[in-house]
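Since the structure comes first, as structure tokens, the remarks are kept for the end.
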Amino acid sequence: MAGAQRGDLLSFRAFRAACPAGYEYGYGYSGGLPGLRESEFPRLRGITYLDHAGSALFPESLLKAFTDDLRNNVYGNPHSQNISSKLTYDTIEHVRYRILQHFHTTPEEYTIIFTSGCTTALKLVAEAFPWIPEGTKQPSSRFCYLADSHTSVVGIRGITGSMNVLSVPIKPKEILLSEKNRLSAEEQNCTTPHLFSYPAQSNFSGTKYPLSWIQDIKSGKLCPIKIPGKWFVLLDAASYVSSSPLDLGVHQADFIPISFYKIFGFPTGLGALLVNNRIAPLLRKTYFGGGTAAAYLAGEDFYIPRKSIAERFEDGTVSFLDIIALKHGFDVLEKLTGGMEKIKQHTFALAHYTYNVLSTLKYANGAPVIRIYSDTDFSNPDVQGPIINFNILDENGEVIGFSQVDKMASLYNIHVRTGCFCNTGACQMHLGISNEDIKRNLQAGHVCGDDIDIVDGRPTGSVRISFGYMSSFEDAQTFLKFIIATRLSKSNAEIPFQSSVTTLTTESVPDDHLPFSSAYKLSPVSHISDRELRNNSSVTMTTGSWQPPESEAESIRAAVSETAIPTCRRGGKPITVTNIYLYPIKSCSAFEVTEWPVGNQGLLYDRNWMVVNQNGVCITQKQEPRLCLINPSIDLKKKIMIIQAEGMDPISVSLEENTGKETVVSESKVCSHRVKTYDCGERIAGWFSLFLSRPCRLIRQSSDMSHQNNTKGLASATNISLSLVNEAQYLLINVASILQLKEHISARLEEPLEMEELIQRFRANIVISAPVSFEEEEWAEISIGALRFQVVGPCSRCQIICIDQQSAERNKEFMQSLSVARGRKTNFGIYLMNQPLHSSLPDMLSVGSQVLPVLKENMEIQPPTSREEKCSG
């Protein structure tokens with residue numbers, strides 16, 4: 001597709017022309033949708049939020065109305081009898097009525113039971129449903145669920161299994177054929193209760209399943225499985241009600257669980273179970289909490305529940321302030337949009353247009369750019385919601401991993417969702433993943449929610465975008481431009497210059513059948529001369545540092561692996577250390593040294609401090625690029641860290657830990673690992689807050705409470721002590737690899753690029769001068785001087801490499817170039833862990849030291865298993 005044609009396709013005129021007849025975009029809001037976005041969602045400036053199926057976003061006026069309400073009224077515990085408590089109770093009852101009104105029903109038909117969310121509502125159904133187990137005189141109950149269901153629905157079988165009740169998954173096509181399972185009149189008279197659950201809208205693909213199934217199943221016209229008894233229907237409406245009207249006056253399901261943040265964005269942690277009053281008397285309950293008892297005795301097994309179904313099942317005090325917020329949620333939503341029918345039209349118009357454009361995108365060879373996972377053609381909003389699920393393909397039809405797409409989208413400040421979306425059944429159906437594949441992937445290290453996106457060359461998940469009531473044409477346009485810019489621009493069609501595309505494999509590969517094509521073999525970089533290395537200031541080698549004698553080098557080689565005997569690198573020029581960097585404050589500027597002591601967590605004082613926000617959450621360059629303009633340096637003699645930044649007076653921090661009584665030790669998290677830290681005080685906090693123009697503090701890791709990580713790939717099973725790093729003690733990069741990448745990026749930028757700038761972007765601890773580009777990815781272990789290191793795996797880069805470490809300016813081209821150059825992955829550099837030798841030599845790392853690598857046997861580096869992005873921080 002030519003550029004001019006793509007431009008026309010992305011115009012607002014093309015969008016309006018594509019809108020289905022009778023469907024409106026926008027709500028007639030004063031100032032139009034841009035006015036609504038500006039007044040209600042100013043925090044979305046520069047952000048394209050496309051994860052509305054994950055969570056809606058709350059408007060400013062909802063928050064204001066709620067906080068004004070709290071300021072003007074006193075709300076007490078609704079279980080008390082005083083005036084403020086009575087106000088709370090009455091307001092809650094009003095909100096119950098408001099919810100029922102929203103779903104076009106009445107208190108005579110349905111009861112609202114407040115829960116902490118949709119999942120808790122589902123669990124309540126599982127525990128209270130009147131199951132009849134196997135082994136009794138009566139026919140036993142069945143729990144049937146559509147395979148395209150959320151994990152929280154499938155999880156009901158954990159409870160039914162403990163009750164000796166069978167669970168049966170049903171595929172969508174099997175429901176359509178279930179008319180053949182019609183029961184005889186005698187079988188229909190059986191009173192055994194069965195439960196069938198299905199989603200009104202798939203959270204995976206946006207497919208809307210027929211609401212007519214409710215009555216068809218309850219009447220016996222459709223029968224999930226042929227078994228005597230009476231069927232009840234659980235309609236999972238959590239995804240559906242965020243963008244579509246639900247009329248329970250017509251479609252009278254027995255149970256409807258919902259989460260309110262999916263509709264309003266606030267409050268979170270509040271859901272409800274709508275229970276059809278006809279089944280309510282059949283529900284059973286064992287536990288009773290505060291507020292649920294009409295009477296009970298502490299000294300005798302005597303308990304009488306309250307008559308009200310809601311009060312009987314709402315254990316303890318409900319989240320009454322959050323419930324009060326719902327009233328404002330409904331009021332504001334109605335005021336801004338005019339109701340759910342208009343939201344349905346608006347969001348479908350955006351999804352319909354985006355789907356059509358994505359479907360037309362083709363490479364020059366005619367291959368599609370996108371593979372969409374859908375059961376519909378997006379022509380009818382009654383069968384399709386505003387969700388598009390897809391994977392991006394390359395020119396050869398191979399899937400580009402969702403983790404890579406997510407990283408690239410982040411560069412454009414586009415927020416998407418990736419993985420399997422807590423819906424393994426739909427993921428399997430659409431991606432063709434078998435049960436055996438799921439089990440093999442688990443054995444290969446892939447678990448739900450991580451970033452391992454390709455196993456054995458096949459995707460483990462996909463990408464999902466979804467629209468909400470405040471989504472705009474510009475959101476769809478920005479997303480489509482991102483796809484075109486990253487997949488159809490001329491420069492992105494270049495052939496990757498290097499191999500080592502890291503994917504998980506579930507079986508070992510013989511050395512003579514490695515998964516590398518002949519075009520991907522490693523080869524020396526002939527154009528990198530010794531003179532060029534010497535002339536570049538960033539790679540000048542320091543002389544005079546300690547070098548191991550040949551006999552010591554041989555002993556080090558011999559000690560590197562005591563059990564296996566990998567192949568040592570032979571021939572070629574010696575490899576030496578050219579640069580050493582430490583980063584005393586996580587995500588701040590580097591401190592370059594020529595020689596530095598090594599501690600039990602890596603380079604001494606490397607990432608011992610980090611900046612956190614007012615909530616104690618770590619701030620990195622992803623959120624605050626200006627961190628790179630803060631320059632910490634260590635003075636070992638004076639035992640201080642000096643912190644400098646332009647326009648600020650220098651400030652110092654003692655290297656000696658503050659162990660006084662005033663020290664407050666707290667827990668922080670670094671890439672899901674807990675670490676003990678203490679605050680560096682008000683003076684330092686004021687300095688950082690002033691420079692960054694936001695409230696923040698500097699905290700330090702407590703030395704006796706280090707970050708432990710049992711890192712995959714290490715020979716020993718002992719826990720490794722880490723500082724505030726993300727993944728490993730050290731990060732190593734190779735000058736030859738940088739030079740090759742430099743040429744590639746310079747060609748794309750069409751301007752020269754300094755080596756030093758590139759080295760700084762990759763934020764390594766150790767820079768080496770190996771003569772062959774990317775040969776470091778073939779190493780299993782290395783020794784530098786007296787130090788021995790084991791290679792943990794490749795470093796999968798995040799968006800921090802797009803930040804100029806001298807100016808804090810972003811440039812998306814660096815991540816895109818790395819992705820293209822490395823064959824769709826963003827690996828660059830390798831992680832190391834220190835495995836110290838029992839040597840009399842000092843534990844010092846020096847520039848100029850010789851690097852002695854040991855090759856891997858199978859030449860396959862396993863990526864880190866954590867779901868976190870592995871940036872150097």
> Say each of residue 635 and residue 757 gets a label point 7 Å from the Cα, pointing the same way as Cα to Cβ; how far apart are those two points in nm?
Replying inline: 3.3
>> Apply the Karplus curve 6.51 cos²θ - 1.76 cosθ + 1.60, θ = phi - 60°, to the phi angles in the stretch 36-51 and return the couplings in whole Hz, x for Gly and Pro.
In response: 4, 4, 5, 7, 9, 9, x, 5, 8, 4, x, 10, 10, 8, 10, 10
> Over its Cα atoms, what ratio of radius of gyration to 2.2 N^0.38 Å does the stretch 10-67 give?
Replying inline: 1.36
> If you take the alpha carbon radius of gyration of the stretch 170-238 and divide it by 2.2 N^0.38 Å, what ratio comes out, to two decimals?
Replying inline: 1.12
> Non-local amide H neighbours of residue 780 (under 5 Å, H modeled in plane, Pro and chain starts lacking H): which ones?
Replying inline: 854, 855, 856
>> I'm a student and want to see the number: the projected area of the Cα convex hull of the stretch 334-473, averaged over all directions, in nm².
In response: 9.7
> Under a point spin-label approximation (7 Å from Cα along Cα-to-Cβ), what is the residue 617-residue 442 distance to one decimal in nm?
Replying inline: 3.1
> FRET efficiency for residue 656 and residue 186, Cβ-Cβ distance as r, R0 = 60 Å, nearest 0.05?
Replying inline: 0.10
> Rg and Dmax of the stretch 425-480, using alpha carbons, in Å: what are they?
Replying inline: 15.2, 43
>> If I model a spin label at residue 626 and residue 17 as a point 7 Å from the Cα along the Cα→Cβ vector, what separation in nanometres do I get?
In response: 4.6
> Near residue 597, within a Cβ-to-Cβ distance under 12 Å, what is the net charge of the other residues, with Lys and Arg +1 and Asp and Glu -1?
Replying inline: -3
>> Amide H of residue 455 versus every other amide H placed in the peptide plane: which residues, excluding those fewer than 5 positions away on the same chain, fall under 5 Å?
In response: 460
> With θ set to phi - 60° and the Karplus curve 6.51 cos²θ - 1.76 cosθ + 1.60, what are the ³J(HN,Hα) couplings of the stretch 635-648 in order, to the nearest whole Hz, using x for Gly and Pro?
Replying inline: 10, 5, 5, 7, 6, 9, 9, 9, 10, 10, 7, 4, x, 10
> Can you give the FRET efficiency for residue 71 and residue 298, using 1/(1 + (r/R0)^6), R0 = 35 Å, r = Cβ-Cβ distance, to the nearest 0.05?
Replying inline: 0.30
> Which cross-chain or sequence-distant (5 or more) residues have an amide H under 5 Å from the amide H of residue 795, H modelled 1.01 Å from N in plane?
Replying inline: 828, 829, 830, 831
>> Starting from the Kirkwood Rh over alpha-carbon pairs, what translational D in µm² s⁻¹ does the stretch 1-125 have by Stokes-Einstein at 10 °C and 1.306 mPa s?
In response: 81
>> Run the numbers for residue 162 and residue 81: contour at 0.36 nm per residue of separation, minus the present Cα-Cα distance, in nm.
In response: 25.1 nm
> Going through the stretch 724-798, which GluC sites (Glu not before Pro) have at most 15 other Cβ atoms within 10 Å and a DSSP loop state?
Replying inline: 750, 754
> In the calculated pair distance distribution of the stretch 196-333, what percentage of Cα-Cα distances lie above 23 Å?
Replying inline: 48
> Listed highest first by mean packing, meaning other Cβ atoms within 10 Å per residue, what order do 783-793, 607-617, 194-204 come in?
Replying inline: 194-204, 783-793, 607-617
>> Can you work out the Karplus-derived ³J(HN,Hα) for every residue in the stretch 408-417? Use 6.51 cos²θ - 1.76 cosθ + 1.60 with θ = phi - 60°, whole Hz, and x for glycine or proline.
In response: 5, 4, 4, 5, 9, 6, 9, 9, 10, 10
> Once all Cα-Cα distances of the stretch 131-218 are split into 10 Å bins that start at 0, what whole-number percent is in each one?
Replying inline: 15, 45, 33, 7, 0
>> Loop only by DSSP, 11 or fewer other Cβ within 10 Å of the Cβ. Give me the GluC sites (Glu not before Pro) in the stretch 292-344 that pass, ordered by residue number.
In response: 300
> Can you pull the semi-axes for the stretch 270-428, root of five times each eigenvalue of the Cα gyration tensor, sorted largest first, whole Å?
Replying inline: 48, 21, 16
> What is the calculated FRET efficiency for residue 319 to residue 108, with r their C-beta to C-beta distance and R₀ = 35 Å, to the nearest 0.05?
Replying inline: 0.85
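The numbers here are math on the coordinates, done by the rules we state, and not lab data. Because the structure is a prediction, the values reported are computed rather than measured. Neighbour counts are summed over all protein chains in view; Cβ atoms, including those assigned to glycine, are modelled from backbone coordinates with ideal geometry.
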